[in-house]
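As structure tokens, the structure follows; a few thoughts come after it.
All of the numbers you see were taken from the coordinates with simple rules; none came from a lab. On a predicted model such as this, the values are computed, not experimentally measured, just so you know. FYI the Cβ positions are ideal-geometry reconstructions off the backbone, even for glycines, and counts take in every protein chain you see.
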Ligand SMILES: Cc1ncc(C[n+]2csc(CCOP(=O)(O)OP(=O)(O)O)c2C)c(N)n1
Ligand SMILES: [Mg+2]
């Protein structure tokens with residue numbers, strides 16, 4: 001089985017879906033000749049031509065609004081936003097239309113499109129090449145939201161996203177685009193919407209996370225095991241909405257302690273929603289407070305990004321605090 | 001109903017120039033003082049030298065990213081006729097603009113390296129600005145600054161001041177809603193704003209003709225009722241002449257104006273780009289013929305305002321000047337580690353105060369175990 005990075009796995013997923021289904025088209029800024037600024041769409045224009053791999057003018061609102069039209073008429077657009085930080089011009093189209101057309105039309109029309117985009121920090125990209133806006137999309141209601149943490153999942157999840165009849169926001173943590181390499185089958189497989197994964201088993205504290213933070217949590221788990229003799233169980237949510245609540249509950253039945261790690265700011269981040277849900281419905285499972293390790297409630301900075309983001313020290317402190325109860 | 005007269009249409013479709021690519025006069029010679037002409041050349045040389053240094057520092061891993069300016073230095077002609085009290089909203093490829101407004105090489109390097117003296121305090125990369133120079137830092141989402149400039153111009157008019165605002169942006173940015181809203185507001189409200197579209201032929205890999213089917217950006221300006229002209233943007237004399245008129249008119253009559261600066265990006269989009277994927281070496285070589293510094297130098301030499309060797313000396317002088325400035329900037333300390341907690345709000349709300357405590361605990365843990373960060 002070939003070993004690939006996430007960029008190659010995503011590229012393969014797009015290629016296979018385009019071969020399988022001629023309704024699938026790819027569009028966005030620089031996705032054609034340039035192959036995307038991260039090369040996720042590299043080579044597709046040579047295989048499928050300019051009509052299916054569409055370089056667009058520089059307007060995110062155009063990209064999303066136009067894709068909605070393509071999807072309404074039965075195509076399966078996969079739109080790229082060059083960096084998710086540039087999506088806001090399109091937010092009206094996303095919130096008021098992409099997420100609302102099924103409801104507005106009483107279920108008559110659907111928008112089977114995927115909006116995929118590099119997200120998150122860790123590349124010294126500064127404020128506008130580093131942010132994690134998953135909450136905006138989840139809060140919009142009407143959108144599925146996914147974020148893979150490695151090449152194998154990336155391929156299977158993107159295929160699922162393309163085949164769903166509802167719109168999907170597909171966020172790709174760019175800091176691990178080329179860092180993580182895995183075996184990726186060259187045949188067809190999908191990963192179910194709404195299914196998380198236990199990526200490390202442990203009996204003491206449950207850590208719920210996603211994207212690049214899965215790898216940070218793993219690193220922290222090694223450090224914490226060494227320093228405190230404590231075992232973390234790490235859950236990679238993969239689908240952020242609808243997230244896999246059962247997997248979290250199952251783990252909490254074992255550990256009774258919950259830490260949520262994400263890059264987005266703390267206030268109204270997905271961690272807040274998960275905490276509230278567990279507190280409302282499963283408070284009996286908890287031995288102590290739910291602790292969130294997140295980006296601080298400030299814009300993402302250029303200076304000292306590793307101190308701004310969750311890091312091993314912060315997870316270590318959170319675990320210690322959790323165990324104090 | 002306002003109609004578009006033939007002359008306006010010609011201005012928007014033809015390309016105004018004063019010098020041809022060899023530096024020969026082809027239009028009427030503008031009357032510009034000798035000292036201004038020499039100063040203009042000096043700014044262009046400084047921008048070129050600084051651009052080369054930022055590229056070098058990026059290759060050495062000291063600067064995160066740089067958007068090469070080479071080929072677009074004639075932008076200095078657009079800003080030189082402004083007064084210091086006028087406002088400027090620059091783009092991210094505008095070293096010449098920053099210099100003309102008064103930023104020093106050292107200040108630009110402090111910014112690029114986001115050291116302790118970075119005036120923008122490590123907020124974002126590849127952007128410049130400073131309130132001292134009435135120059136607002138560029139938002140990275142392209143085009144965002146366009147309606148801001150129109151609002152500032154409206155406020156200047158509202159206060160009865162004789163000031164103007166100038167805003168720079170690329171050809172790609174003209175596809176964004178920000179451009180259309182900005183131009184429309186300017187057209188409706190008649191405010192003293194000068195739009196400078198640096199049409200360098202490319203928006204990363206997308207060539208101008210795939211960005212828009214309008215025959216020119218100036219043509220789009222006209223559609224919003226904004227007088228517009230297309231200018232040879234590698235001809236600094238043309239840029240200066242047109243901008244000076246536009247600025248004077250805006251100041252006096254409160255009329256908006258759009259200048260389409262037809263130029264060419266000779267370098268990569270940014271240091272993270274690989275232009276060989278979308279354009280040929282041949283095209284770049286061909287466009288080198290129109291390069292703005294060489295052309296203007298010829299004119300100055302012919303006019304007896306500078307000699308070839310003086311021009312070379314100028315380049316060398318600024319090269320060693322920037323080398324010194326870079327050494328200084330590289331020796332400065334980083335920004336304080338908690339810098340990002342400040343300047344979000346005027347004071348820290350309770351949640352940020354709590355988070356600052358958590359942050360300090362994390363620093364203690366990092367130090368206790370010698371953990372690696374940054
Ligand atoms: C809203 C937005 N979308 C995408 C980007 C990524 N991006 C940065 S520069 C650029 C091209 C800009 O082209 P143009 O406006 O012609 O300016 P130039 O870089 O040529 O000076 C793109 C797509 C961005 N910064 N902002
Ligand atoms: Mg351009």
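Overview of values
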quantity	calculated
Cβ neighbours within 10 Å from other chains - mean over A:307-317	6
Computed Kirkwood radius, in angstrom, where 1/r is averaged over Cα pairs of region A:155-221	14.1 Å
Anisotropy class of the protein assembly as shown from Cα gyration tensor, a/c 1.5 cut	prolate
Debye intensity ratio in log₁₀ form over the Cα atoms of region A:254-325, taken at each q of 0.15 Å⁻¹	-0.52
Highest-MSF residue in chain B out of B:353, B:303, B:332 [GNM, Cα springs under 10 Å]	B:353
Residue mean of other protein chain beta carbons inside 10 Å, A:201-214	0
Relative frequency of Cα-Cα separations exceeding 26 Å in region B:80-226, percent	27 percent
Residue-averaged [θ]222 nm for the protein assembly as shown, counting only DSSP H segments that reach four residues, each worth -39500 (n - 2.57)	-12500 deg cm²/dmol
Å³ per residue enclosed by the Cα convex hull of region A:1-66	90 Å³
Rounded tilt (10° steps) of A:270-281 against the dominant C-alpha axis of chain A	60 degrees
Spin-label pair residue B:308/residue A:192, simplified geometry with 7 Å Cα→Cβ offset, distance in nm	7.8 nm
Within region B:73-109: backbone nitrogen closer than 17 Å to the residue B:56 label point (7 Å, Cα to C-beta)	B:105-109
For A:233, A:42, B:85, order by how many other beta-carbon atoms lie within 10 Å, fewest first	B:85, A:42, A:233
For chain B, built as a Gaussian network whose Cα springs stay under 10 Å, the top-fluctuating residue of B:348, B:237, B:222	B:348
Selected from A:72, A:171, A:158 as most flexible by GNM, with chain A as the system and alpha-carbon contacts under 10 Å	A:72
Inter-centroid distance (Cα atoms) of region A:1-55 relative to region A:84-108, Å	24 Å
In degrees, nearest ten, helix A:213-228 long axis to first principal axis of chain A (Cα)	20 degrees
For B:307, B:212, order by how many other beta-carbon atoms lie within 10 Å, fewest first	B:307, B:212
Cα gyration tensor shape for region A:29-96, rounded if a/c is under 1.5, else prolate or oblate	oblate
Set of region B:141-161 residues, backbone N closer than 14 Å to the point 7 Å along the Cα-Cβ line of residue B:189	B:146-161
Prolate/oblate/rounded label for region A:197-324 (Cα gyration tensor, a/c 1.5)	oblate
Measure of compaction for region A:60-150 (Cα Rg per 2.2 N^0.38 Å)	1.10
Two-decimal log10 I(q)/I(0) for chain B, as the Debye equation yields it once each C-alpha is a single scatterer, q = 0.10, 0.12, 0.13 Å⁻¹	-0.66, -0.93, -1.08
Within 10 Å of each Cβ in B:275-282, the average number of Cβ atoms from other chains	2
Relative exposure of A:210, B:350, B:87, judged by other C-beta atoms within 10 Å (fewest first)	B:350, B:87, A:210
Residues in region A:190-209 reached by a label modelled at residue A:254 [backbone nitrogen below 16 Å; 7 Å Cα→Cβ]	A:196-209
Helix A:312-323 vs. chain A, principal-axis angle (Cα, 0 to 90°, nearest 10)	50 degrees
